[in-house]
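The structure under discussion appears below in the form of structure tokens.
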Amino acid sequence: MKASMTFFTLLAGLALAGASAVQAATLKVANQGDAVSMDPHSLNESLQLSFTGNVYEPLIGRDKALGLVPGLARSWKQTAPTVWRFELRPGVKFHDGAPFTADDVVFSFKRVAGEGSDMKSYVSSVKEVRKVSDLVVDLETTAPFPILPDVLTTVYMMNRTWCETNKATLPVDRRKGIENVASFKANGTGPFRVKERQPGARTVLTRNFQYWDKVEGNVDEVVFTPIGNDATRVAALMSGDVDVMEPVPLQDVARLGSNPALKVMQGPELRTIFLGMDQKRDELLFSSVKGRNPFKDVRVRRAFYQAIDIEAIRSRVMRGAATPTALMVGPGIKGFLSEMNKRLPYDPEASKRLLAEAGYPSGFEVTMNCPNDRYVNDSEICQAVASGLARVGVKINLQAESKATYFQKILSRNTSFYLLGWTPGTYDAHNVLTSLMATPTDKGQGQFNLGSYSNPKVDELTLKIQSETDQAKRNTMIVEAFKLHADDVGHLPLHQQALAWGMKKSVSLTQLADNMMFFKWVTVKP
């Protein structure tokens, strides 16, 4: 009897294993660009953070509704106005089998704050990280910071020993083009591990079967391929060479949606597309104007703003899949106020008058930097902006290039006029204020204020907003800061783009408004 029970138990186990093997699936994903590095601290960009977020994890995560959930920290609380205590999750292991401990947390925060990090702005308010025990860490901030948990959701943890062994204690510096082992290999705690990395061509992930959390989907392998050409990317989906691709070119949304084997998921995105201008140098790097910087004059900045036909961009370039904005944040972000969202009118004649008043009656020439594989129709947007400026006498020398070289250029501030997109990682207006509007400092504040817009009052308000716990007072200060920035024409906001992902009907996934794609939530049916 005992032998028979053992035999049938074995058969049942084999049957279950067979069913599991049948259910497991390979997911083939295509995107217009590549994740430029496997280093989770090297580039603060949505695709980069999304992809590496399947390999590495933060202390605090987000659920499918973008709410905060425990990640590598199973709980957190304030023990003093400026001190947060994190209880770490026991039993978590890195992909190489090493245990996750407080030492890794202390190391990771130091790395994020260090030289070469593109995530420095996320920890600029952190004064000290202290190990209390192997599974307890205290974070002390420079001032009360009630939204700290929201800030930490894309600060990924790395293994100290692995980084030291592989000489990767400093992040890959995208500004200087410096690489290290963390560019090509990874050792996270996430549900997937890096199996193969061919930059610009192909990256393969495989399931981490010692993962501490539940994996809802059935994907055990992900093959990620960057396909920059829109037509080629569409053809790959229609032929079945890929299972999921994004973004869907706007002109192909209806065609793919009508295909009985495919579906298109569309939704609003939290990202704002905008233009920035060098407002710091006394002479622009790339302009016909010598001996002075035209962008230091608010009349020139306003002239550029009013030369942009935003409705033409919305209707023709974006085919209606964009919402014009006057603010650097959109709906869905804490601090967004619809009553403030009123753009300056498109008025080429007013633009010409402003240029003449500023001393440029015949306009001038300036180089504009733009990616051609990062945002929806990014190079076409830049062409439309250039066309509008040409009508008021400004000649734009457009330099559109792959994000692989584009980000290295503009993050080193080697630009005079540029296009960028920004999704506030905290879903809070403070993120935009401290990252894009605050005067740049070496501690990470204003890290992505690439044109160095500066207003001391905005800086003062940004610090107050960071620590204010009274929501009404906080909102009043956000309004004041946004009004100052708008009056200064600190940037040229354009629109919030829409999401469009194409996939086989056999694929089920979760589309988030921050454009993050987590493979543990993906199911591929046979």
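Suppose the chain between L344 and D138 were pulled fully straight at 0.36 nm per residue; how much longer would it get relative to their current alpha carbon spacing? All intermediate terms of the calculation are to be shown ahead of the outcome.
On the way: separation 206, 0.36 × 206 = 74.16 nm, distance 4.65 nm.
This chain segment gains 69.5 nm when fully extended.
Neighbours of V458 by Cβ distance under 14 Å: Lys/Arg scored +1, Asp/Glu scored -1, total -2.
Could you work out the per residue convex hull volume over the alpha carbons of segment 40-158, in cubic angstrom? Mind showing how you got there, number by number?
Numbers: hull volume 12.1 nm³, N = 119.
For segment 40-158, the hull spanned by Cα atoms encloses 102 Å³ per residue.
Projecting label points 7 angstrom from Cα along Cα→Cβ for L398 and R74 puts them 5.5 nm apart.
Mean projection of the Cα convex hull over all viewing directions, computed for segment 177-249: 6.5 nm².
Count charges around I310 for me, please; just the other residues with Cβ under 15 Å from its Cβ, Lys/Arg as +1, Asp/Glu as -1. Value of the local net charge: +3.
What share of Cα pairs, in percent, lie more than 18 angstrom apart in segment 257-306? If you can, show how the numbers build up before the last one.
Numbers: 676 of 1225 pairs.
Here the tail beyond 18 Å accounts for 55 percent of pairs.
Applying a DSSP loop filter and a limit of 11 other Cβ atoms within 10 Å to the trypsin sites (Lys or Arg not before Pro) in segment 224-331 leaves K290.
Which whole number of Å³ per residue matches the convex hull of the alpha-carbon atoms in segment 277-365? Numbers along the way, then the final one.
On the way: hull volume 11.6 nm³, N = 89.
It is 131 Å³ per residue.
Label zone (R353, point 7 Å along Cα-to-C-beta; backbone nitrogen cut-off 13 Å) within segment 290-304: 303.
Calculated from the alpha-carbon coordinates, segment 449-526 shows an Rg and a Dmax of 19.9, 59 Å respectively.
Which value in deg cm²/dmol, rounded to the nearest 500, describes the helix-derived mean residue ellipticity at 222 nm for the chain, given -39,500 (n - 2.57) per DSSP H run of n ≥ 4 and division by the residue count? Spell out each step's value before the answer.
Details: 14 runs with 140 residues, N = 526.
Per the formula, -8000 deg cm²/dmol.
Working note: Debye formula, equal point scatterers on the alpha-carbon atoms of segment 186-319, no solvent; log10 I(q)/I(0) at q = 0.12, 0.16, 0.20 Å⁻¹ is -0.82, -1.00, -1.19. Averaged per residue, segment 155-274 has 43 square angstrom of accessible surface, using a 1.4 angstrom probe with ligands and nucleic acids left out. Across segment 368-460, the convex hull enclosing all Cα atoms gives 121 Å³ per residue.
Model label sites at T405 and E480, defined 7 Å from Cα along the beta-carbon direction, differ in position by 4.6 nm. Along its first, second and third principal axes, ordered by size, segment 421-476 spans 31, 24, 17 Å in Cα coordinates. Restricting the calculation to Cα atoms, every distinct pair contributes to the Kirkwood radius of segment 255-413, found to be 17.4 Å.
Near the amide H of E401, within less than 5 Å, lie the amide hydrogens of C370, N372, all on another chain or at least 5 residues away, with H placed in the peptide plane.
With one equal scatterer per alpha carbon and no solvent term, the Debye-computed log10 I(q)/I(0) for segment 341-399 at 0.22 1/Å reads -0.91. Extension gain, S387-Q23: 0.36 nm per intervening residue step, less the Cα-Cα distance, totals 125.8 nm.
Find the percent of Cα-Cα distances in the chain that exceed 46 Å, and round it to a whole number.
Numbers: 19405 of 138075 pairs.
I get 14 percent for the Cα pairs in the chain exceeding 46 Å.
In whole percents, the pair-distance distribution calculated for segment 125-273 from its alpha-carbon pairs, binned every 5 Å from zero, is 1, 6, 10, 12, 15, 16, 14, 11, 6, 4, 2, 0.
Round to a whole number: what % of the accessible area of the chain belongs to carbon and sulfur, probe 1.4 Å? Don't jump to the answer; show the numbers that get you there.
Numbers: 11060 of 20760 Å².
Its accessible area is 53 percent carbon and sulfur atoms.
The values are calculated or read from the model by the stated rules, or taken from the named source; none is laboratory data. Keep in mind the model is a prediction, meaning the values are calculated, not measured. Quick reminder, even Gly has a Cβ in these numbers, built from the backbone with ideal geometry, and neighbours come from all protein chains shown. These area figures cover heavy atoms from the full protein model, side chains too; ligands, DNA and RNA do not enter into them. Shrake-Rupley method; radii C 1.70, N 1.55, O 1.52, S 1.80 Å.
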